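Colleague: The structure's right below; bear with me while I get my questions together.
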Amino acid sequence: MNLDFSAEPLFSWYVVALALSGIILLGLGVASMRVKIGMRIICSLVGLGFLGYAYYLAFVFEGGTYTIFLKVFILPVLLIVAMVKSIVERSNAKNAQPAAPVAPYNPNAPYNPNAPFDPNAAQAPAPQTWQPAAPAAPVAPAAPQGAPAAPHGAAPYQPGTPAQPVADNPYAQPTPPQQPPTA
């Protein structure tokens, strides 16, 4: 056995890291049934490769030069993250509630102002034929001579009604002039 932590600690830890990565990947590839078969096969093959190379370095290798590729440990980390992510996504999808069926639009249903908003609710169908517009509202009578004209839709100025008290409002209606008392 080539593992000697006192003489060659870097080599020995490299072999241990290869073996642990291979065991984890092989275990994830074999045991996780919630993952697609392609990902399981890739994890299993990479795990077997790591375990085989660790076995070779620990028991068959007879010395000489060897190269340690620390970048090779990025692949197991990425595969482990992908496997765990896939397992979590599959379990979340399995536990998700199925969407409730949407009721068809009913124009005769009573209006409920307290009903929650449902963006998936059926919408009212568009009208198929053109309908004429409602008749126009009657026009207000003209203001008396000398009185200010009322805005559209407002009642005309009535003499004798008190002005509305509006303080510090630059957009307020002006106060109508006071009429001198008649004797």
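The values are calculated or read from the model by the stated rules, or taken from the named source; none is laboratory data. Predicted model only: the values in this text are computed from it and were never measured. Please note: Cβ atoms are built from the backbone with ideal geometry, for glycine as well, and neighbour counts cover all protein chains shown.
Colleague: Which helices (runs of 4 or more DSSP H) sit wholly inside the range 1-117 and have at least 1 residues that are modelled with pLDDT under 80, out of contact with any His (no Cβ under 8 Å at 6 or more places or on another chain) and among the polar types (S, T, N, Q)?
Modeller: Because the criterion is at least 1 residues that are modelled with pLDDT under 80, out of contact with any His (no Cβ under 8 Å at 6 or more places or on another chain) and among the polar types (S, T, N, Q), the helices (runs of 4 or more DSSP H) in the range 1-117 that meet it are 74-95.
Colleague: For Val46, indicate whether it is under 43 Å from the mean Cα position of the chain (by Cα), farther than 29 Å from Lys94 by Cα and not polar (S, T, N, Q).
Modeller: The answer is no for Val46.
Colleague: What are the residues in the range 9-43 that are over 24 Å from Met83 (Cα atoms) and either in contact (Cβ under 8 Å) with a residue 12 or more places away in the chain or within 40 Å of the chain's Cα centre (by Cα) (or both), if any?
Modeller: Passing the criteria: Leu10, Phe11.
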